[in-house]
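Participant: Before I ask anything, here is the structure I am working with.
The values are calculated or read from the model by the stated rules, or taken from the named source; none is laboratory data. Computed from a predicted structure; not experimentally measured. Cβ atoms come from the backbone with ideal geometry, glycine included; neighbour counts cover every protein chain shown. For accessibility, only protein heavy atoms count, side chains too; no ligands or nucleic acids. Shrake-Rupley method; radii C 1.70, N 1.55, O 1.52, S 1.80 Å.
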Amino acid sequence: LILQRKIWEDIVDVSRDLSRMVKLYEFAIGTSKCRRINKLLASFPYLLRHRIRPSLMQLRRIDDPSVVRDPENSLLLYPDVSIRDTDPDVAALAYDEEETGSSRRKSRELCWVDKRTLPWKLLPGKALELCARAQNRPLWVCDRMAKELAVVDDISPKFTNRERMTLIGYVDKLSRSIGACERIHQTVVPLNYARHALRSLTVW
């Protein structure tokens, strides 16, 4: 629990620092680009939470007859699920690919979400469709923010490559937080610990 809280603290701190720096150098980055970056930054924690805990995402199956889909306000996408290392289906599939030399991925279920809800309404313009098609959506947001910052022109001496790399460095820290969350999510609870905890609770 302490490690999870530390990761979340780092995400909050880095997000605040990046937002502050973007606002500070708005004269060089541009107002419209600053708004796009801030919207991407605001969508990051939502997408990261959806990746780690997909059950929190309001996904509707495309073939669900009990829900009426509004084509104008719906966004088609596949579930963004962080695969566990202990998933037997994935292990069997990897073994078959190694033996046969051919790739045979399982088809994913097509779903939809309401574009007017968070975090989808935060994603600007074409970024919405591109993010929906991404395999790892929080990582895609980090890549998009880095691309936005990488093409900012120099305004010497107030904005140079030093400031640009500092901004991209904050994005890198957010990207590393994705791996930290996935590591915790994919780590299996040791069997002996689980048994000991269960016996302790039973005695208690």
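Participant: Could you go through region 15-27 and let me know if any residue there is over 18 Å from residue 166 (Cβ atoms), free of Cβ contacts under 8 Å to residues at least 24 places away in the same chain, open to solvent by 20 Å² or more (accessible area, probe 1.4 Å) and in a helix (DSSP H, G or I).
Facilitator: Within region 15-27, not a single residue is over 18 Å from residue 166 (Cβ atoms), free of Cβ contacts under 8 Å to residues at least 24 places away in the same chain, open to solvent by 20 Å² or more (accessible area, probe 1.4 Å) and in a helix (DSSP H, G or I).
Participant: OK, next. Can you find, within region 89-118, the residue that is modelled with the lowest pLDDT among those that are over 23 Å from residue 46 (Cα atoms), outside any helix (DSSP H, G or I) and among the polar types (S, T, N, Q)?
Facilitator: 103
Participant: Among residues belonging to region 37-88 that are modelled with pLDDT under 85 and in a helix (DSSP H, G or I), point out the one that is surrounded by the fewest Cβ atoms within 10 Å (Cβ to Cβ).
Facilitator: In this case the residue turns out to be 55.
Participant: Further, regarding this structure: Is there a residue being of a type in the set (Phe, Trp, Tyr), assigned to a helix (DSSP H, G or I), open to solvent by 40 Å² or more (accessible area, probe 1.4 Å) and at pLDDT 95 or above anywhere in region 167-177?
Facilitator: Yes, some residue in region 167-177 is of a type in the set (Phe, Trp, Tyr), assigned to a helix (DSSP H, G or I), open to solvent by 40 Å² or more (accessible area, probe 1.4 Å) and at pLDDT 95 or above.
Participant: From the residues in region 131-155 that are in a loop (DSSP other than H, G, I, E, B) and more than 15 Å from residue 171 (Cβ to Cβ), which one is least open to solvent (accessible area, probe 1.4 Å)?
Facilitator: Filtering first and then ranking leaves 134.
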